[in-house]
Amino acid sequence: MPLRGQKIGFLGGGAMGEALVAGLLRNGLVASSSLYVSDINPDRLEYLQDKLGVNVTIDNSEVVKAADIIILAVKPQVIGPLLKEVSSVVRVEQTFISIVAGVTTDIIHSFFDDSVPVVRVMPNTPCLLGEGACAVSAGKYANEENVKKAMAIFAAVGKVLAVPESMLDIVTGLSGSGPAYMYVLLEGFIDGAVRLGMPRDTARVLIAQTMAGAAKMVLETGEHPSKLKDMVTTPGGTTIAGLFALEEGGARALMMKAVAAATDRSREMSRLK
Ligand SMILES: NC(=O)c1ccc[n+]([C@@H]2O[C@H](COP(=O)([O-])OP(=O)(O)OC[C@H]3O[C@@H](n4cnc5c(N)ncnc54)[C@H](OP(=O)(O)O)[C@@H]3O)[C@@H](O)[C@H]2O)c1
């Protein structure tokens, strides 16, 4: 049980920080008395204390002093000043976990004097509902135990896979940006049904549940999507007629281009930091 007895601190108590705290409590992984959150916004801290019963402070260093595991959950533009602010109280036996998009473990290491273990995680927005897809990568000083701790935390808000850090830009282009791709697909299908006369709300529920159900089929059967597709495609039937229209429009090539474009942009943004 990698989180037993661990005090977990969050630097930044925004949307993702709150989702993680709520997930840890919902799954009974840590008591609220072992959770510490700092944020620049006192109203936010009051809200988190009232709602989730966690320890809160405006002082980021206090959280670093108190916790065994520290989650960096601020926006990319404030991570540099924040790491400078807390670097003097960082201890080598701690585990740092960063969800800050586009900031490599090497950048984080550059703020610390010692070989402090850093694990980087790329979550996505469905973590807010406990249905996230997260990839975890070990920095050069992180061992298996550090990675296990990170995986246990993010398992509380969705599915977690370990990948080398060199793959995190692709993760960003796939599951990080993926919710937006799915929303666009949903919108297109909904408009397709509305165009034919179906009420928008009816179409929205039918296709969103279809997407969720199809995703569950892929995850739970472990079958290749093409096999599942073949199983529902009767020769000369309706589905193959719809699939032909998608193929004619180059749907699959477009999806591959979307992942490549978002991955390229993620790489470009990391270089700018
Ligand atoms: N949300 C997602 O789906 C998602 C997905 C993948 C990765 N991420 C990454 O997760 C990180 C957090 O995202 P988020 O959506 O939770 O952002 P968020 O809601 O803006 O949360 C960040 C929190 O940190 C606070 N903050 C700002 N400066 C601070 C400082 N110096 N010290 C302490 N707290 C400070 C912010 O307060 P103010 O609002 O008052 O500035 C805010 O409450 C980002 O780096 C993002 O790239 C998020």
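The table for this structure:
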{"item": "Peptides 180-191, 235-246, 51-62 ordered by average Cβ neighbours within 10 Å, highest first", "result": "51-62, 180-191, 235-246"}
{"item": "Where a label projected 7 Å from the Cα of MET211 along Cα→Cβ would reach, residues of segment 157-195 with amide N under 16 Å", "result": "174-194"}
{"item": "Value of relative contact order over segment 1-135, rounded to a whole percent, pairs C-alpha under 8 Å and six or more apart", "result": "23"}
{"item": "Relative contact order (%) - the chain, alpha-carbon pairs under 8 angstrom, separation at least six", "result": "14"}
{"item": "Cα pair distances in segment 8-165, grouped into 5 Å bins until the bin that holds the longest one, percent each", "result": "2, 10, 21, 25, 23, 15, 5, 0"}
{"item": "Mean Cβ neighbour count within 10 Å, used as a protection proxy, ranking 206-214, 151-159 highest first", "result": "151-159, 206-214"}
{"item": "Debye log10 I(q)/I(0) at q = 0.10, 0.12, 0.13, 0.16 Å⁻¹ for the chain, Cα point scatterers", "result": "-0.60, -0.81, -0.91, -1.21"}
{"item": "Cα gyration tensor category, rounded, prolate or oblate, for segment 43-96 with a/c compared to 1.5", "result": "oblate"}
{"item": "Cα-based convex hull, segment 94-236, per residue volume (Å³, whole number)", "result": "133"}
{"item": "Estimated distance in nm for a label pair at ARG4 and ALA162, the labels positioned 7 Å out from Cα along Cα-to-Cβ", "result": "2.0"}
{"item": "Highest-fluctuation residue, VAL194, VAL136, VAL121 considered, GNM on the chain with Cα pairs under 10 Å", "result": "VAL194"}
{"item": "Measure of compaction for segment 176-272 (Cα Rg per 2.2 N^0.38 Å)", "result": "1.27"}
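Quick note: the coordinates plus some simple rules give every number you see, no bench work behind them. Computed from a prediction, not measured in an experiment: that's the story for all the values here. No Cβ is skipped: glycine too gets one built from the backbone with ideal geometry, and neighbour counts run over all protein chains shown.
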